[in-house]
């Protein structure tokens, strides 16, 4: 009977402020679960949901009065654990805040198509010649320290300029080329190396730098191997190797056309 009395008290003592608290809690829970799904932590999500339901039922029947406090403590511990597990993903999401800069507006697709073809041409030429390169597709969201480590250019994109920057033994060829919209923003920039220790030994410093940057910043890296000429794409801390022209073009279209929303 005590359980029914507790259940009855929940409804008889219900106040409008509880609705606000419930909505607030659901909003926080929604964004937290979306973050986990976004970072491929589906199993963690279902474990969390099951854990919350079972614990909530247990605490309700054990002691309704203190259930809220217990749940707050336990969920807090769970969130702290997730922050520890997904620290790099959190950094990437925090730094991925979009700026007011837009790559293109309606009617400017022709310009971006030209940029796409110029980049593809440069990457293909460097791949055939085994010229190492790393090109970062940014949204103007790179940490200032990375941009300041290189040379500011603010130049129009062209295959000739890209290839000349990465030509062996030139001053800027070892660093990263930063693209922001239809401009080459900077060149010769130094990037953080990947923290992952289980990467293939075939991956050189450019690949590790591309993976390392995309672990913490929401950008895409196009990498050309100096040893093999293989083209790779790094995004979200992951790398895809042996990229062909069609995949490269789709990647560039996704970068340039992401703001083309009707």
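Points worth noting:
- Residue within the range 191-200 that is at pLDDT 95 or above and touching a strand residue (DSSP E or B) at 6+ places or on another chain (Cβ under 8 Å) present: no
- Strands (runs of 3 or more DSSP E) wholly inside the range 150-262 containing at least 2 residues that are surrounded by 16 or more Cβ atoms within 10 Å (Cβ to Cβ) and touching a helix residue (DSSP H, G or I) at 6+ places or on another chain (Cβ under 9 Å): 176-180, 183-189, 220-224, 231-235
- For the residues 111, 100, 130, the requirement of being at pLDDT 90 or above and either exposed (fewer than 14 other Cβ atoms within 10 Å of the Cβ) or out of contact with any strand residue (DSSP E or B) (no Cβ under 7 Å at 6 or more places or on another chain) (or both) singles out 130.
- Residues of the range 127-144 classified as outside any loop (DSSP other than H, G, I, E, B) and either within 14 Å of residue 177 (Cα to Cα) or touching a residue at least 12 places away in the same chain (Cβ under 8 Å) (or both), total: 8
The values are calculated or read from the model by the stated rules, or taken from the named source; none is laboratory data. Keep in mind that what you see is a predicted model, and the values were worked out from it rather than measured. Here the Cβ is made from the backbone with ideal geometry for all residues, glycine too, and neighbour counts use every protein chain on show.
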